[in-house]
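In what follows, a structure is listed as structure tokens, so that the remarks can point back to it.
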Amino acid sequence: MSDLSKKKCIPCSGEIPAFTEEQINEFKTKVENWNIMKNDKGHFYLSKDFKFKNFETSLNFINKVSQIAEDENHHPDLKFGWGYANIIIMTHAINGLAESDFVLAAKIDEISV
């Protein structure tokens with residue numbers, strides 16, 4: 001879909017602005033089926049649901065995502081159970097989305113196939 005998965009997440013300490021809606025819409029086309037959401041404070045984040053055949057498959061997927069998160073030093077919110085996983089990604093330091101969020105989403109897409 002894009003070359004984002006080849007990039008590295010860049011740690012953010014809040015020195016960059018969050019993406020505008022225009023930038024978000026541009027980057028959304030570079031990842032597969034991630035939903036652009038707003039939290040109760042109006043900050044954008046990425047969310048995606050994954051379906052699996054059982055608990056073990058969900059757990060294995062979450063373990064792979066966890067390893068990617070550690071390697072990239074960019075940690076999403078993870079929720080999973082029997083046959084499902086939900087991943088939420090945002091850059092908390094800027095209360096929104098940046099390129100690294102889409103990079104992480106693209107890397108997760110690669111292992112979800």
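The values are calculated or read from the model by the stated rules, or taken from the named source; none is laboratory data. Nothing here was measured: the structure is a model prediction, and the numbers come from that model. Reconstructed Cβ throughout: ideal geometry from the backbone, glycine too, with neighbour counts over all protein chains shown.
Whether any residue in the range 47-61 is in a helix (DSSP H, G or I) and within 15 Å of the chain's Cα centre (by Cα) is what I want to check. Yes, there is a match, as at least one residue in the range 47-61 is in a helix (DSSP H, G or I) and within 15 Å of the chain's Cα centre (by Cα). Scanning the range 21-62 for residues that are touching an Asp or Glu at 6+ places or on another chain (Cβ under 9 Å) and among the aliphatic types (A, V, I, L, M), which turns out surrounded by the fewest Cβ atoms within 10 Å (Cβ to Cβ)? Checking each candidate, the answer is Ile36.
Name every residue in the range 66-101 that is part of a helix (DSSP H, G or I) and under 10 Å from the mean Cα position of the chain (by Cα), in order of residue number. Hits for the range 66-101 are Ala69, Ser100, Asp101. If I filter the range 78-93 for residues that are out of contact with any Asp or Glu (no Cβ under 7 Å at 6 or more places or on another chain) and at pLDDT below 95, do I get at least one hit? Yes, that holds for at least one residue.
Please go through the range 101-113 and give me each residue that is out of contact with any Lys or Arg (no Cβ under 8 Å at 6 or more places or on another chain) and either in contact (Cβ under 8 Å) with a residue 40 or more places away in the chain or surrounded by 18 or more Cβ atoms within 10 Å (Cβ to Cβ) (or both), ordered by number.
Selection gives Asp101, Leu104, Lys107, Asp109, Glu110, Ser112.
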